[in-house]
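The values are calculated or read from the model by the stated rules, or taken from the named source; none is laboratory data. The structure displayed is predicted, hence computed values, not measured ones. Every residue, glycine among them, receives a Cβ derived from its backbone with ideal geometry; neighbour counts consider all protein chains shown. Keep in mind that these areas ignore ligands, DNA and RNA; they rest on the heavy atoms of the full protein, side chains included. Shrake-Rupley method; radii C 1.70, N 1.55, O 1.52, S 1.80 Å.
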Amino acid sequence: MNISERLEALPMTPMMRKILILVGIGWMFDAMDQGMVAGVLAAVGTDWDLQTLQQSILASAGTFGMILGAALSGVASDRWGRRTVILFTLLMYSFGSLLCGLAVNYEMLVVCRFITGFGLGGELPAASTLVSEFSPLKSRGRNVVLLESFWAWGWIVAALVAYLLIPVYGWRIAFFVGAVPAFFAAVLRRAVPESPRYLELVGRHDEADDLVARMESEAGITFPNERKTSYAPTEHKKGGTFRQLWMRKHLRATVVLWIVWFGINFGYYGFVLWTPTLLMGQGFAMVKSFGFTVIMCLAQLPGYFSAAWLIEKAGRKPVLIVYFAGTAMAAWLFGHADSETMVLATGCLLYFFALGAWGCVYSYTPEVYPTEVRGSGAGWAAAFGRIGAFIAPFVVPVVYASFGEAAGFAAVFTVLCTAFALVAIVVAVFGRETKGKPLVESD
């Protein structure tokens with residue numbers, strides 16, 4: 001048996017649960033940053049008297065950093081390891097957040113948001129790849145969706161910071177809170193091992209064997225032979241390249257993933273970064289709009305957990321279709337809500353489906369590529385997707401202003417509804433199912 005076969009045969013072990021929780025906490029810190037930006041946009045705009053274009057640039061500076069971070073970290077994780085990239089990008093994100101809190105002018109804040117975004121964009125693809133590669137066959141999809149569910153906890157904390165602290169202490173407190181993860185990096189370095197699939201790929205067979213043996217021991221699995229893994233002679237792999245992703249055998253997967261990532265980023269960041277500001281434009285006070293966001297964020301959790309359960313029961317493709325279609329419907333309803341009750345109800349529905357879809361996307365992405373290009377494939381898909389997130393903060397205010405305050409709100413969410421619906425169609429027509437299929441090690 002090789003490393004892949006041994007990993008696929010394992011049940012969930014204490015080591016796997018520890019890795020999921022610790023990497024998930026790092027994921028939660030990343031979500032805190034993105035969540036707090038929505039509150040900071042409204043607060044810093046008032047404090048510094050920023051124009052709409054300036055607010056859009058500020059929102060997109062972090063996203064531009066995420067584009068470069070995701071692209072470069074994917075390649076880096078295939079060359080130097082998943083864990084190494086996670087640690088480096090986590091430290092970069094924390095340092096950038098601290099500098100944001102110390103920013104003395106708008107220009108410095110934009111630059112520091114780029115640094116923060118670079119770290120954030122780099123960590124997420126590497127983290128989802130690490131968890132996917134550690135997970136056994138029967139729980140891989142669920143594990144990655146559960147990893148993504150830590151995003152909800154980060155948003156809940158961020159929404160509470162925006163609701164309770166920003167009105168009292170100002171927007172800088174949000175960025176100082178975002179610098180805390182730097183202390184967590186030391187814990188990650190000691191407690192989270194490198195992916196055994198990556199170790200085997202680069203020829204570190206003994207490390208991979210010992211690591212899987214520890215997991216097998218935790219599961220009560222023993223082998224009579226001293227050497228549990230058989231190795232075929234392989235040359236040392238240096239990681240995937242951008243060109244490999246566009247070879248014929250990967251072309252369909254790459255095109256589908258890039259469309260999915262672009263669509264979900266455009267739709268998600270189109271509403272999530274502007275929700276407090278748009279609600280204020282509809283007549284809700286700043287504190288009330290933050291309060292609404294806290295409540296909506298709570299709806300993310302059942303969205304994640306339902307997707308985590310369904311993805312191993314129904315499969316990746318049908319769950320992606322249902323949750324993207326549900327997000328499209330919820331976006332349209334939210335844009336046409338005409339009361340506080342309807343805003344809360346449809347907003348919760350929007351967050352429920354959108355974040356369930358996010359979990360499925362992160363679970364699906366690493367499964368369509370072999371190990372040697374898995375990090376690169378996930379990183380480049382995320383990077384292209386972030387272009388959608390970069391564009392959305394500019395498109396939303398333009399659409400809103402073009403139709404006026406009354407009709408603009410509905411127009412914005414009609415555009416976002418269309419984006420989610422198109423992604424659902426692409427997955428339905430061109431996506432392929434990966435449920436029950438082991439991860440491929442090499443081409």
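All of Leu251, Leu278, Leu257, Leu211 fail the test of being modelled with pLDDT under 90 and part of a helix (DSSP H, G or I), apart from Leu278.
Filtering region 73-113 to residues that are surrounded by fewer than 18 Cβ atoms within 10 Å (Cβ to Cβ), of a type in the set (S, T, N, Q) and in a helix (DSSP H, G or I) leaves only Thr84. Somewhere in region 115-131, is a residue more than 23 Å from Gly377 (Cα to Cα), open to solvent by 10 Å² or more (accessible area, probe 1.4 Å) and either of a type in the set (Gly, Ala, Ser) or out of contact with any Phe, Trp or Tyr (no Cβ under 6 Å at 6 or more places or on another chain) (or both)? So far as region 115-131 goes, no, none of its residues is more than 23 Å from Gly377 (Cα to Cα), open to solvent by 10 Å² or more (accessible area, probe 1.4 Å) and either of a type in the set (Gly, Ala, Ser) or out of contact with any Phe, Trp or Tyr (no Cβ under 6 Å at 6 or more places or on another chain) (or both). Is it true that Ala407 is without any contact (Cβ under 8 Å) to a residue 24 or more places away in the chain and either polar (S, T, N, Q) or part of a helix (DSSP H, G or I) (or both)? Against the criterion (without any contact (Cβ under 8 Å) to a residue 24 or more places away in the chain and either polar (S, T, N, Q) or part of a helix (DSSP H, G or I) (or both)), Ala407 qualifies. Exactly one residue among Val373, Val368, Val322 is at pLDDT 95 or above and more than 29 Å from Leu164 (Cβ to Cβ), and that residue is Val322.
Applying the condition of being of a type in the set (A, V, I, L, M, F, W, C) and assigned to a loop (DSSP other than H, G, I, E, B) to region 1-39 and asking which residue is least open to solvent (accessible area, probe 1.4 Å) yields Leu10.
Among the conditions (1) outside any loop (DSSP other than H, G, I, E, B); (2) over 30 Å from Arg432 (Cα atoms); (3) at pLDDT 80 or above, the only one that Thr293 does not satisfy is (3). Cβ-Cβ contacts under 7 Å between residues 6 or more apart (or on different chains), taken from a first residue in region 49-75 that is of a type in the set (Gly, Ala, Ser) to a second residue that is buried (at least 21 other Cβ atoms within 10 Å of the Cβ) and not in a helix (DSSP H, G or I), are listed as Ala59/Leu273. Would you say Phe175 is modelled with pLDDT of 90 or more and aromatic (Phe, Trp, Tyr)? Against the criterion (modelled with pLDDT of 90 or more and aromatic (Phe, Trp, Tyr)), Phe175 does not qualify.
Out of all the residues in region 93-100, is one or more closer than 22 Å to Trp380 by Cα, in contact (Cβ under 8 Å) with a residue 60 or more places away in the chain and not acidic (Asp, Glu)? Yes: one or more hits. Could you tell me which of the residues Gly379, Gly385, Gly359 is buried (at least 24 other Cβ atoms within 10 Å of the Cβ) and touching a Pro at 6+ places or on another chain (Cβ under 7 Å)? After ruling out the rest, the residue left standing is Gly379. Among the residues of region 211-220, is there at least one that is free of Cβ contacts under 8 Å to residues at least 40 places away in the same chain and at positive phi? Looking through region 211-220, at least one residue is free of Cβ contacts under 8 Å to residues at least 40 places away in the same chain and at positive phi. For region 140-155, the condition holds for at least one residue, the condition being that it is open to solvent by less than 30 Å² (accessible area, probe 1.4 Å), touching a Leu at 6+ places or on another chain (Cβ under 8 Å) and of a type in the set (Asp, Glu). Selection over region 40-58 of residues that are among the polar types (S, T, N, Q), open to solvent by 10 Å² or more (accessible area, probe 1.4 Å) and part of a helix (DSSP H, G or I) gives a count of 4.
Could you list, in sequence order, all residues of region 410-442 that are among the aliphatic types (A, V, I, L, M), assigned to a loop (DSSP other than H, G, I, E, B) and open to solvent by less than 60 Å² (accessible area, probe 1.4 Å)?
Quick first cut of region 410-442, residues among the aliphatic types (A, V, I, L, M) only: 410-412, 415-416, 419, 421-429, 439-440.
With the extra rule that they be assigned to a loop (DSSP other than H, G, I, E, B), the set shrinks to 439-440.
Leu439 - this is the single residue of region 410-442 that is among the aliphatic types (A, V, I, L, M), assigned to a loop (DSSP other than H, G, I, E, B) and open to solvent by less than 60 Å² (accessible area, probe 1.4 Å).
I'd like to know if region 377-395 contains one or more residues that are more than 23 Å from Ala59 (Cβ to Cβ), assigned to a helix (DSSP H, G or I) and either free of Cβ contacts under 8 Å to residues at least 12 places away in the same chain or of a type in the set (Gly, Ala, Ser) (or both). Yes.
Give region 165-208 a look and list any residue that's assigned to a helix (DSSP H, G or I) and basic (Lys, Arg), or say none. So that I can check it myself, show each step before the final result.
If we filter region 165-208 for residues that are assigned to a helix (DSSP H, G or I), which is where we start, we get 165-169, 172-178, 181-191, 196-201, 205-208.
Residues satisfying the conditions are Arg172, Arg189, Arg190, Arg197.
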